[in-house]
2 protein chains.
Amino acid sequence: MPTDIPADSVGLISPQTATFDEPLPLRSGRTLPSYQLVYETYGTLNADRSNAILICHALSGHHHAAGYHSMDDRKPGWWDACIGPGKVIDTNHYFVVSVNNLGGCHGSTGPTSIDPATGRPYGPDFPIMAVRDWVKSQARLADRLGIERWHAVIGGSLGGMQALRWSIDYPERMRGCAVIAAAPKLSAQNIAFNEVARQAIASDPDFHQGYYMDHDTRPKKGLMLARMLGHITYLSDSAMREKFGRDLRSGTLNFNYDVDFEVESYLRYQGENFSDQFDANTYLLMTKALDYFDPAADHDNDLARCLSQSRCRFLVASFSTDWRFAPDRSEEIVRALVKARRPVSYLEIDAPQGHDAFLFPIPEYVDLIKGFLGSLETGGAA
Amino acid sequence: MPTDIPADSVGLISPQTATFDEPLPLRSGRTLPSYQLVYETYGTLNADRSNAILICHALSGHHHAAGYHSMDDRKPGWWDACIGPGKVIDTNHYFVVSVNNLGGCHGSTGPTSIDPATGRPYGPDFPIMAVRDWVKSQARLADRLGIERWHAVIGGSLGGMQALRWSIDYPERMRGCAVIAAAPKLSAQNIAFNEVARQAIASDPDFHQGYYMDHDTRPKKGLMLARMLGHITYLSDSAMREKFGRDLRSGTLNFNYDVDFEVESYLRYQGENFSDQFDANTYLLMTKALDYFDPAADHDNDLARCLSQSRCRFLVASFSTDWRFAPDRSEEIVRALVKARRPVSYLEIDAPQGHDAFLFPIPEYVDLIKGFLGSLETGGAA
């Protein structure tokens, strides 16, 4: 917990809630009759409403991207390293909006919310969201906030996919789009890892086909396994070697099936911690949204044709040791943008952290984003 | 099943059993009072007993490396593509021995065997094997077969680790050592994947702390998850893309939590199939043997010093798309051998299959092994 709030923090933040009564038609063919979005804002919207930046979150993220909810918080928001006064996304200059996505478990309508049709939690009957559904809900929030056009939409990983979708579905509503550590669609290997995670959750006897809330329980073991596996894919092999190597927990091999190595202990801790905080149905939903994302599919699998609808400038960034969405996956986006004659800056950042690198204020990365956001002020739409 | 046995097959094979009453002291400090090894042989031992080759198996392997057990077999042994008359490991020329390792579940003494001390299955009380324990038991089998010196000891993956251990512990008992798609020790990431697999098995309510046989059940779901995860690491990203891409099982997205993509269906099938055939305690034991393997640890982590004990010639082979034990892991072995001034040939084979490539008769790989085995006949020990 912070004894003092650091000077470059956005400080104490209160989440806000927007309720929408207009039904939201979804990609699945289903409709969400009404819903609420929980979000946070940092900084001040300027008079001509031209300084707003939307932050889109990743699989296990949420609206709490920066600052603290109370002086008792152990940690600030998930992207606090990059959002704040004087930071990369400078809240002295920009008005930052960060939303918990629909289907999430941090306050926006999702599987743990009450289904008005039944009076009971949606659970596994909550509709599977597509990235385009999130983007549509975010556009309605922008309407509500009086933001006609974002200065930029920014996201890493699954958040980057939302940023990309914004550029396709709402080309006139943004000057810049930053797609970080993402891919234009999952590979078979990406889907395979998600499927193992889903099977781990579904195999937990406390899962009850997703109706675990009705049984007053939670599939903690399955969620723990899913998170342990996910965590491996967020770190690079070299980062794991650097952090743990083959260090032994007790200095000697046990020759039993308990923890021998530090890395095992770390993964179990991470998994258990996560399983206390996250909803399993949300986890399943988020992995399906990842699997389904494939904007080129509506355009004969021609990503360049798909992206030619966009009207903003692009920043694409990847990280050298990211093997979840490796640099060549980002380069697929860059090549398509170049082919579509859209303005794009691309950099592969040399970073040891693997996929998680997008969360860190790595100097070259900071400079890249700063430069991009600044260039949008002079340039306007391309 | 084979309607006819192919001409280049070793044909119908009967496994043999060797029983050992001399206790086997183990790395763990425990002792196996007596045990049996199940093995197969292909080809004929020559008069001076100089043409014997030992094949060491990997995590889920066994003694049945080539040929068929009956005309009803759907498939031949696991390395049939490389062992047979006229094949890479030519049974017209060599006498090939393939053993099921201790702790396995295919006939050699392991967790499903009866513990003579209790009259009940060992289950989780079967001692954890180290690679050196297997090698010691294999050396006793060699004594029994009258093989003083192997022409070569050959293995891929965990089998390669056994071959390497042979060269350290029994330097005078082999002319050649082929270490294929292996590593001198697991990385933190390798251990992390094994730990997720172990946790998946241990979390299965049918696991019963490993005493599932006493409950007349088996942790099938956990073993299925472990295998699905393992399977992802055996294939390259590109091989999965080639094989499945984003092909949909039913031509359309379901927007539910059933199988959408072919790769999900494939993994589930592989996992279920495996969980019908393999013992969970053996799986746990094998992953621990992998985690523990680190021959340099007894030599101040100096692999070159450790390998300077060897007296044979080495072949080290890796595969370009193997990310489980990537080429740079094989190169660690090669560098240590060079530093120790031991004779070593090394090739990184260009192959799309990932880690599993070691099972396939890839022309460059075939030539490499053939050349190596031939060179041992002219050269003798280095």
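What follows is calculated from the coordinates using simple rules that are stated; it is not laboratory data. None of the values given here were measured: they were computed from a predicted structure. Reconstructed Cβ throughout: ideal geometry from the backbone, glycine too, with neighbour counts over all protein chains shown.
Before rounding to the nearest 500, sum -39500 (n - 2.57) across all DSSP H runs of length at least 4 in chain A and divide by the residue total; then give [θ] at 222 nm in deg cm²/dmol.
-10500 deg cm²/dmol
Above 26 Å lies some portion of the pair distances; for segment A:1-136, what is it as a whole percent of all C-alpha pairs?
Result: 30 percent of Cα pairs exceed 26 Å.
What are the ³J(HN,Hα) couplings of segment A:201-214, residue after residue, when phi is run through the Karplus curve with 6.51, -1.76, 1.60 and θ = phi - 60°? Round to Hz, x for glycine and proline.
For segment A:201-214, the Karplus curve yields 5, 5, 7, 5, x, 7, 6, 6, 6, x, 8, 5, 5, 5 Hz.
Taking the simple approach of a point 7 Å from Cα along Cα-to-Cβ for both A:GLU377 and B:ALA7, what is their distance in nm?
Result for the modelled spin labels: 8.0 nm.
Would you please calculate the Kirkwood hydrodynamic radius of chain A over all C-alpha pairs and express it in Å, rounded to one decimal?
21.5
Could you please rank B:THR109, A:THR233, B:THR217, placing first whichever residue has the fewest other Cβ atoms within 10 Å of its Cβ?
B:THR217, A:THR233, B:THR109
With only alpha-carbon atoms counted, please give the Rg and Dmax of segment A:192-309, in Å.
18.6, 60
Given bins 5 angstrom wide, list per bin the percent of all Cα-Cα distances in segment A:267-306, short to long.
6, 20, 13, 15, 13, 9, 8, 11, 6, 0
Please list, ordered by chain and number, the residues whose modelled amide H lies under 5 Å from the amide H of B:LEU315; skip anything fewer than 5 residues away on the same chain.
Under 5 Å from the amide H of B:LEU315 lie the amide H atoms of B:CYS177, B:ALA178, B:VAL179, B:SER345, each far enough along the sequence or on another chain.
Distance in nm between label sites at B:GLU364 and B:GLN277, each 7 Å beyond Cα in the beta-carbon direction?
With each label point 7 Å from Cα toward Cβ, the separation is 3.0 nm.
Once all Cα-Cα distances of segment A:231-382 are split into 10 Å bins that start at 0, what whole-number percent is in each one?
The distribution over segment A:231-382 is 9, 25, 30, 21, 9, 4, 0, given as percents.
Under 10 °C and 1.306 mPa s, how fast does the protein assembly as shown diffuse according to Stokes-Einstein, given a Kirkwood radius computed over C-alpha pairs? Answer in µm²/s, whole number.
Here the translational diffusion coefficient equals 56 µm²/s.
If you wrap a convex hull around the C-alpha atoms of segment B:274-331 and split its volume per residue, what is the figure in Å³?
Cα-based convex hull of segment B:274-331, divided per residue, equals 142 Å³.
Taking the highest mean first, how do the peptides A:57-63, A:110-116, B:21-27 order by number of other beta carbon atoms within 10 angstrom per residue?
In descending order of packing, they fall as A:57-63, A:110-116, B:21-27.
How much length is gained on full extension from B:HIS208 to B:GLN309, taking 0.36 nm per residue of separation minus their Cα-Cα distance?
32.0 nm
Quick one: if the Förster radius is 35 Å, what FRET efficiency do B:TYR269 and A:ILE114 give, using the C-beta to C-beta distance and rounding to 0.05?
After rounding, the FRET efficiency stands at 0.35.
Apply the Karplus parameterisation 6.51 cos²θ - 1.76 cosθ + 1.60, with θ equal to phi minus 60°, to every residue of segment B:33-50 and state each ³J(HN,Hα) to the nearest whole Hz, in sequence, with x for glycine and proline.
3J(HN,Hα) across segment B:33-50, in whole Hz: x, 7, 6, 10, 10, 9, 8, 10, 10, 10, x, 10, 6, 7, 4, 8, 6, 10.
Apply the Karplus curve 6.51 cos²θ - 1.76 cosθ + 1.60, θ = phi - 60°, to the phi angles in segment B:347-352 and return the couplings in whole Hz, x for Gly and Pro.
9, 8, 8, 6, 8, x
For segment A:296-367 and segment B:228-243, what is the separation of their C-alpha centers, rounded to whole Å?
Each part reduced to its Cα centre gives a spacing of 24 Å.
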